[in-house]
Amino acid sequence: MFRALGDPSRLRLLARLASGEVCVTQLAELEDEKLSTVSARLQTLHAVRLVKRRREAKHIFYALSDDHVLHLVQSAIEHAAERR
């Protein structure tokens, strides 16, 4: 789980999901990345239970698994922003 949090790209996705559920297509557009790249990152986050997903027709929506994940993300961002 901490390895998944350690990647800046995955951490950015988690930060985007902190405001609520988002479709993988929208996340790819927001990140200016290929859909397959974002999907792979989300799959990694899903595998360690940091995000949950649901399907609605052809779209897959992702959200943080629970409030504990939000606290982990906030702590990771605060830690990264600290000056040494």
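Charging the Cβ of each Asp and Glu at -1 and of each Lys and Arg at +1, and nothing else, the dipole of the chain about its Cα centre rounds to 280 debye.
Roughly how tilted is helix 8-17, in degrees to the nearest 10 and between 0 and 90, from the longest Cα axis of the chain? Helix 8-17 sits roughly 70 degrees off the main axis of the chain. For the stretch 23-65, the C-alpha radius of gyration sits at 1.06 times the compact-globule guess of 2.2 N^0.38 Å, with N the residue count. When only Cα pairs below 8 angstrom with a gap of at least 6 residues are kept, the stretch 1-63 shows a relative contact order of 39 percent. Compared with the dominant Cα axis of the chain, that is its longest principal axis, helix 35-47 is turned about 60°. Comparing 57, 40, 15 in a Gaussian network model of the chain, where Cα atoms under 10 Å apart are tied by springs, the biggest mean-square fluctuation is seen for 57. Here the chain has 51 percent of its accessible surface on carbon and sulfur atoms, given a 1.4 Å probe and all protein chains in place. In plain terms, if you count all Cα to Cα distances in the chain and split them into 5 Å steps from zero, the share in each step is 3, 15, 29, 26, 17, 7, 3, 1, 0, 0 percent.
The values are calculated or read from the model by the stated rules, or taken from the named source; none is laboratory data. Quantities reported herein were computed from a predicted structural model and do not represent experimental measurements. All Cβ positions, even for glycine, are placed from backbone atoms using ideal geometry, and neighbour counts span all protein chains on display. Heavy atoms of the whole protein, side chains included, go into the accessibility calculation; ligands, DNA and RNA do not. Shrake-Rupley method; radii C 1.70, N 1.55, O 1.52, S 1.80 Å.
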